[in-house]
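The values are calculated or read from the model by the stated rules, or taken from the named source; none is laboratory data. Bear in mind that the values here come from a model prediction, so they are computed numbers and not experimental data. A quick note on method: Cβ atoms are made from the backbone with ideal geometry, for glycine too, and the neighbour counts reach across all protein chains shown. For accessibility, only protein heavy atoms count, side chains too; no ligands or nucleic acids. Shrake-Rupley method; radii C 1.70, N 1.55, O 1.52, S 1.80 Å.
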Amino acid sequence: MRKNVTRKATRNKTTRDGAMRHKSTRKDVMRILEGAEQASLVTALANRGATDLAGVEPAVRRIVADVRRNGNRAVRRYATRWDGLEKGEPLLVPEDELHQAWDQSNPELQQAIEHAAGNIRRYAEWQLPAEWRREIEPGVTVGQLVRPLESVGCYVPGGRYPLPSTVLMTVVPAQVAGVREIRVVSPKPAQATLAAAAFLGVREFYRVGGAQAIVALAYGTEEIPRVDKIVGPGNRYVTAAKKLVAFDCAIEFLAGPTEAVVISEAGDPSCIASDLVAQAEHDPDALCIFITPSRSLAKKVQSETQTRTQANPIAAHSLSRRGAILRVDSLEKAVEAANRIAPEHLTLPAALAPLVLNAGAVFLDEFTPQAAGDYVSGPNHVLPTTAMARVRGGLSVFDFVRVIGCQQVSREGIKSIAPPGITLATAEGLKGHAEAFRVRCSHA
C-alpha cells in the first residue's frame, strides 16, 4: 500500500505557492505525501508569498484614480455596474430598511446573531487593554493611555456567500474599543447581513463593494466620509485596493484565500474531514492540509473527504488542487511543520498547544470545529493568511485602539534620571536634549 501511495504521489508537482498539480485522471481529493515530497510541499508553503495581485492591480489602480478624481460619481457608476445599485438609489441604506431586515428575519436567525454577538463582545471586552500608571523608580511614574480610533470602515463580502458573521466580527470589536464612527460597506447586502447590522445599531451601511468601496472609505466622497482605518476580508480586487491605499489609510492586513491545517494521530476521521471540507468550500484557492503520524488515519481521512466533497464542488476543487495529507514521524514533527506553514486556522490536541508558534487562530481538540471560530465562540474570524501569522494574530480590539505611552517625573525623580539622560544625549551629540535635563535639575 505504501508503495502504491508513493508511486501515485510522484505524479504530482508542487508549485511555488504550494498548489498541487496532478493529472486530471486522479480521483483522490487529497493526496497522501511522505518523505521528500512531503518535505518539498512544506518548504514551498513556508516560502509562499503574499497573494498574487499582479493580475488585478492595473485595473484597481484605474479605479483608485477614478474615484479619487471623480468621487461619488465614479463610485455610483461602479456600484451600478457591479453591485446592483439602482439608478437614483442612495448608497446609504436607510435605517428603517435596516430595522425592517431585522424584523423580517426568522427568530432562529435573530437568536443566532444575538448569541454570536454576545460571545464576540465578551471576548473583545476581555481583550481590551487597560490604562495603568506605576512608579518605575522613585519620583518617576510611567503608564499607558488607551484611546479608540475616531472612525473605521468595515468591509463585508457579499459575493459567493453573504457573510453577516463578518458584520459581527468587524463591528463588535470596534464598538467595544469605543470607536465613534463605524461605517459598513457591502455589495448587494443580503437580508441577514442588514439584519446583523441593525442588531448592532449600525447607522452607516453603504451598498457598495469592491475596490471602489475601499477607495471611497480611504479618501471620502460626497456620500461616504473617509475613515482612519479599513478592516475586513474581500476578494483580490478588494485586497489590491487595500494595498494601494495603505499609505493614506490604515488597514489591518492583506488577507488571501482561506487556509486550514489539522493535526491528529488518533482523532475521528469525520471530524477532521468536516473541518477540511468546511474551510475548502470558502474558495477554490483554499489551502487545506492534514498532518498525522498515522498511515491508517491518513487513509481514513482521505476517504472521508472524498465522500464529503461529492456534493460540494468548490471544496472538491480546492482540496484536489491545494489539499494534501502529510504523513510525518511524530506529533512533534507535525507541529514543527505547521509552525513553518504558519496557517490561518490550526487544529490540534490541547496537549500540543505549548508548541504552537505561528497560527492565525488555534482550535484545541476534535470537538472544537474551526467553524466555531467562524461564527460563535468569540475570537475573530478575520485572520492573517499567506504566512502572515508569523508576525500577527487575527483582527481584535487592539486593531481599534491606540496605546499611548505616558510618563510623569517629580522634582526628586529628575535628579535620579538626569545623569544617565545627559550622558546618553551627549553621546548622541544632542546638546539640546542634555540641556532639557540640566535646566530642570537647576530648578529641582
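Roughly what % of DSSP beta bridges within the chain run antiparallel, to the nearest 5? Expressed as a percentage, antiparallel bridges in the chain total about 35.
Where does each of SER330, SER396 land when they are ordered by accessible area, with a 1.4 Å probe and the largest first?
Sorted descending by solvent-accessible area, the residues read SER330, SER396.
Take the Cα coordinates of the chain, assign each an equal point scatterer, and use the Debye formula without solvent to give log10 I(q)/I(0) at q = 0.13 Å⁻¹. Ignoring solvent entirely, the Cα scatterers give -1.13.
Extending each Cα 7 Å along its Cβ direction at GLU97 and ILE404, get the distance between those two points in nm, one decimal. Distance between the two pseudo-spin positions: 3.8 nm. Sorting SER151, SER442, SER410 by accessible area puts them as SER442, SER410, SER151; the probe is 1.4 Å, largest comes first, and only protein heavy atoms count. From largest to smallest, the equivalent ellipsoid semi-axes obtained for the range 91-194 from the alpha-carbon gyration tensor read 36, 15, 11 Å.
Computed over the chain, relative contact order equals 20 percent, with contacts defined as Cα pairs under 8 Å that lie 6+ residues apart.
Rolling a 1.4 Å probe over the protein chains gives VAL142 an accessible area of about 40 Å².
Its Cα gyration tensor gives the range 149-241 an equivalent ellipsoid, and the semi-axes of that ellipsoid, as √(5λ) in whole Å with the largest first, are 17, 17, 11. Between the Cα long axis of helix 431-443 and the first principal axis of the chain there is an angle of about 50°, rounded to the nearest 10.
When 1/r is averaged over all different Cα pairs and the result inverted, which Kirkwood radius in Å belongs to the range 165-314? Kirkwood hydrodynamic radius for the range 165-314: 17.8 Å. The heavy atoms of ASP275 present about 20 square angstrom of accessible area, all protein chains included, probe 1.4 Å. Could you work out, for the range 22-125, what percent of all Cα-Cα pairs fall into each 5 Å distance bin, beginning at 0 Å and stopping at the bin that holds the largest distance? In order of increasing distance, the bins hold 2, 8, 8, 9, 9, 9, 10, 16, 13, 10, 5, 1, 0 percent.
Roughly how tilted is helix 313-322, in degrees to the nearest 10 and between 0 and 90, from the longest Cα axis of the chain? That works out to roughly 80 degrees.
3J(HN,Hα) along the range 354-367: x, 8, 6, 10, 10, 6, x, 8, 10, 10, 9, 6, 6, 8 Hz, from the Karplus curve 6.51 cos²θ - 1.76 cosθ + 1.60 with θ = phi - 60°, whole Hz, x for Gly and Pro.
Sequence gap at least 6, Cα distance under 8 Å: using those rules, report the relative contact order of the range 88-184 to the nearest whole percent. All intermediate terms of the calculation are to be shown ahead of the outcome.
Numbers: 76 pairs, mean separation 26.4, N = 97.
That works out to 27 percent.
Compared with the dominant principal axis of the Cα atoms in the chain, helix 164-177 is inclined by about 20°. Within the same chain, aspartates and glutamates fewer than 8 places from LYS242 are excluded, and of the rest, those with a Cα less than 16 Å from its Cα are ASP52, GLU57, ASP66, ASP228, GLU252, ASP399.
Can you tell me the convex hull volume per residue for the range 343-444, based on C-alpha atoms, in Å³ to the nearest whole number? Walk me through the intermediate numbers first.
Values: hull volume 20.1 nm³, N = 102.
Spelled out: Cα convex hull of the range 343-444, divided by residues, is 197 Å³.
Treat the range 326-399 as a sphere of radius equal to its Kirkwood radius over Cα pairs and apply Stokes-Einstein at 20 °C in a medium of 1.002 mPa s; give the translational diffusion coefficient in µm²/s, rounded to a whole number. It comes out at roughly 169 µm²/s. In the elastic network of the chain, a GNM with C-alpha springs shorter than 10 Å, the most mobile of ALA112, ALA54, ALA425 is ALA425. Rolled with a 1.4 Å probe across the full set of protein chains, the surface gives GLU86 an accessible area near 120 Å².
Among THR141, THR80, the order of accessible area from largest down is THR80, THR141, computed with a 1.4 Å probe on protein heavy atoms.
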